[in-house]
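I have placed the structure first, in the form of C-alpha cells, so that the comments after it can refer back to it.
Throughout, read-outs are computed from the coordinates displayed, never taken from laboratory work. Keep in mind it's a predicted model, so treat the numbers as computed, not measured. Positions of Cβ are generated from backbone atoms using ideal geometry, with glycine treated the same way; all protein chains shown enter the neighbour counts.
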Amino acid sequence: MTDHRAAGSIEARETAERVEPRDTDEPVRTPVTFVLSGPGGVGKGTVVDRLLEVVDDLWLSRSWTTRDPRPGEAPDAYNFVDRETFEAHVAAGGFLEWVEFLDYLQGTPVPDPPPGNDVLLEIDVQGAAQIRRMNPDAVLLFLDTPSVEEQEARLRARGDSDERVAQRLATALVERQAAAELGCTVVINDDVESTVAELAAIIESHRG
C-alpha cells in the first residue's frame, strides 16, 4: 500500500486545523472534527449512515475513490470518480490526505461544513494519523468487529474475493496496532443500533 499524503498543501493544513466562522448574527462555535476509521468489513458505511440520522448538526465529508461501487452500495457512499479526475484534484491541493490502497485511490477532500456543524471523516487509520498531526484536537474513533472470524464473514458477505479477503485481514492487523498507538477510542460493532448509540454518546461528550 503506497501512502501519498497532501502534507505540503498549506490550504489543506489550514482547513484541517480550523474552519473559519461564517458571518452570522449569532456566534458560531468551533466545529469538532470526528474521525472514524476501521478495517474493511466492519460496517463503517452502515454505521455512519445511521449516525447521521440520529445526531444533529453532524456533517459527513464524503471521501473520493476511484474504485467501482460494490454490489448494493449506495451511490452517494463515496464520490466515485475516475483516476484522471482524482489526480487532477490532488494536483489542485483539494485533499487533506489521500492513499493508493490495493488497486485504487482514495482520499479525504478539504472539508467545508455548514455553519454550526461538526465534521465527520470516514477514513483509514493512516489518514487518521495525518489528521491528528494537523489537528491535535480531532477525536479519533476506531470501529472494529467482535472477532477476526466475524470480519472475514462480513467481507465474504459483501462479495470480496478470497484474495481480497486475505489482503483485508492482513491489513486489519496493522490497522489495529496503529489505532492503539494513536490512542483511538475503540467501538465494537456487534449491533448497529447499540454501536450508533455508543458513538452518539461519545460525540455529545466532546461538544462544548
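Summing charges over neighbours of Arg207, with a neighbour being any other residue whose Cβ is under 11 Å away from its Cβ, gives -3 when K and R count +1 and D and E count -1.
Which translational diffusion coefficient, to the nearest whole µm²/s, is obtained for the chain from the Stokes-Einstein equation, given a Kirkwood hydrodynamic radius over C-alpha pairs, 4 °C and 1.567 mPa s? Please list the in-between numbers first.
Numbers: Rh = 17.6 Å.
Calculated translational D: 74 µm²/s.
Residues whose amide H comes within less than 5 Å of that of Phe101, counting only those at least five positions distant or on another chain, are Gln106 (H built at 1.01 Å from N in the peptide plane). With θ taken as phi - 60° and the Karplus curve 6.51 cos²θ - 1.76 cosθ + 1.60 applied, the whole-hertz 3J(HN,Hα) list for region 157-162 is 5, 8, x, 5, 6, 4 Hz, x standing for glycine and proline. When a/c reaches 1.5 or more, the comparison of a/b and b/c decides; with that in mind, is region 59-140 rounded, prolate or oblate per its Cα gyration tensor? It comes out prolate by the Cα gyration axes. Proximity of backbone amide H atoms, modeled 1.01 Å from N, is registered between Leu60 and Leu120 at under 5 Å, excluding neighbours fewer than 5 places apart on the same chain.
By the Stokes-Einstein formula, at 1.567 mPa s and 4 °C, region 96-141 with its Kirkwood radius over alpha-carbon pairs has D equal to 111 µm²/s. Beta bridges from DSSP with both residues in the chain: antiparallel share about 40 percent, rounded to the nearest 5.
Close amide H pairs (under 5 Å, H built 1.01 Å from N) link Val187 with Phe142, Leu143, Asp144, residues at least 5 positions away or on another chain. Taken one residue at a time, the phi angles of region 60-68 give Karplus couplings (6.51, -1.76, 1.60, θ = phi - 60°) of 8, 8, 6, 6, 9, 8, 9, 6, 7 Hz. Gly and Pro are set to x.
First obtain the Kirkwood hydrodynamic radius of region 144-208 from its Cα pairs, then insert it into the Stokes-Einstein equation at 20 °C and 1.002 mPa s, and state the resulting D in µm² per second as a whole number. So the translational diffusion coefficient is about 160 µm²/s.
Here the Karplus curve 6.51 cos²θ - 1.76 cosθ + 1.60, taken at θ = phi - 60°, turns the phi angles of region 176-181 into couplings of 5, 5, 5, 5, 5, 5 Hz, with x standing for Gly and Pro.
Where does the charge balance sit around Ala77 when Lys and Arg score +1, Asp and Glu -1, over other residues with C-beta under 14 Å from its C-beta?
Once all neighbours under 14 Å are counted, the net charge is +1.
Here is how the number arises for the chain: DSSP H runs of 4 or more residues each give -39500 (n - 2.57), the sum is divided by the residue count, and the result at 222 nm is -12500 deg cm²/dmol.
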